[in-house]
Amino acid sequence: YNQLPSFCEKVMETNPGSFANLVTNDDKRLKCLFVSFHCLIHGFQNGCRPLLFLESTSLKSKYQEMLLTATAVDADDGFFPVAFGIVDVENNDNWRWFLEQLNSAISTSQPITFVSEREKGLKNSVLEVFENAYHGYSMFHLVESFRRSLRGPFHGADGSGVLPGIFLSAAHAVRIGSYKKFTEQIKQISSQAYDWVIQIEPECWTSLLFKGERYN
């Protein structure tokens with residue numbers, strides 16, 4: 001960590017057009033670090049769809065820092081890293097700081113579709129920092145949360161086993177009638193599962209109501 005100031009200087013010096021920003025606390029301890037190399041910025045702007053996935057994960061160290069990432073999708077549907085940050089704690093302020101750095105780095109007026117794990121407050125920060133942006137929730141993480149939330153009693157032969165599939169069908173429905181049919185099926189099997197589903201803003205997870213571009 002003592003080498004981070006010189007690291008940021010070298011990034012800017014040897015990779016013109018890159019962004020590297022370090023913020024420390026009053027006691028000189030790490031608070032926030034943001035890095036985006038010029039080749040990644042250029043690749044995103046010129047070779048990727050305007051689609052970014054925001055994710056966080058804990059780093060396995062005694063300081064328990066958090067790694068924040070912004071990842072795009074390339075032409076082969078592979079992961080294309082755009083920027084990463086390390087913060088002392090995951091909270092709204094640090095996410096907003098990361099997004100502000102990201103906005104400065106990619107500097108595009110094109111509407112971007114963001115996908116996240118439904119972290120509390122992140123949606124508001126995205127829409128405040130990026131003009132004309134859209135924000136959706138990752139169906140992979142929603143389905144995993146849905147599975148963990150399932151509690152009985154269940155009605156029907158298959159019970160809870162069919163609910164994740166019906167949930168995905170509701171997400172992919174493109175007509176209001178189909179969407180209502182699938183959510184009603186969830187309600188018939190488990191009223192608790194139905195309550196869990198409808199409390200999530202449908203404009204953030206359904207093909208039917210999402211206002212941005214889905215990009216498959």
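The values are calculated or read from the model by the stated rules, or taken from the named source; none is laboratory data. What you see is a predicted model; the values in this text were computed from it and never measured. No Cβ is skipped: glycine too gets one built from the backbone with ideal geometry, and neighbour counts run over all protein chains shown. Accessible surface is based on the protein model in full, side chains and every heavy atom, while ligands, DNA and RNA are left aside. Shrake-Rupley method; radii C 1.70, N 1.55, O 1.52, S 1.80 Å.
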Area accessible to solvent at Thr24, 1.4 Å probe radius, in Å²: 60 Å²
³J(HN,Hα), Karplus 6.51/-1.76/1.60, whole Hz, each residue of region 28-36, x for Gly, Pro: 6, 8, 4, 10, 8, 9, 10, 9, 8
Amide proton proximity set for Glu65, modelled H, under 5 Å, gap of 5+: Leu59
Accessible area (Å², per residue) of the chain, counting only protein heavy atoms and a probe of 1.4 Å: 57 Å²
Electrostatic dipole magnitude of region 134-205 [Cβ: Lys, Arg +1; Asp, Glu -1; Cα centre; debye, to 20]: 120 debye
Using a Förster distance of 25 Å, the FRET efficiency for His155-Glu203 (Cβ separation, nearest 0.05): 0.30
The chain: calculated mean residue ellipticity at 222 nm from DSSP helix runs of at least 4, using -39500 (n - 2.57): -12000 deg cm²/dmol
Accessible carbon and sulfur surface of the chain relative to its total accessible area, %, 1.4 Å: 50 percent
Protection proxy ranking of 139-147, 90-98 - average other beta-carbon atoms within 10 Å, highest first: 90-98, 139-147
Max mean-square fluctuation residue, GNM over the chain, Cα-Cα springs under 10 Å, options Gly156, Gly43, Gly136: Gly156
Per-residue ³J(HN,Hα) for region 70-84, Karplus 6.51 cos²θ - 1.76 cosθ + 1.60, θ = phi - 60°, Hz, x for Gly and Pro: 10, 10, 9, 10, 7, 5, 9, 6, x, 5, 10, x, 10, 7, 9
Under-5 Å amide H pairs with Arg49, H placed in peptide plane, nonlocal only: Val73
Hypothetical label at Met12: residues of region 33-61 whose amide nitrogen lies under 15 Å (7 Å Cα-Cβ projection): 33-38
Inter-centroid distance (Cα atoms) of region 167-195 relative to region 59-94, Å: 33 Å
Among [x] 38, 20, 13; [y] 28, 19, 16; [z] 34, 20, 16, the entry derived from the coordinates for semi-axes √(5λ) of the Cα gyration tensor in Å: [x]
Solvent-accessible surface (1.4 angstrom probe) belonging to Ile186, in square angstrom, nearest 10: 0 Å²
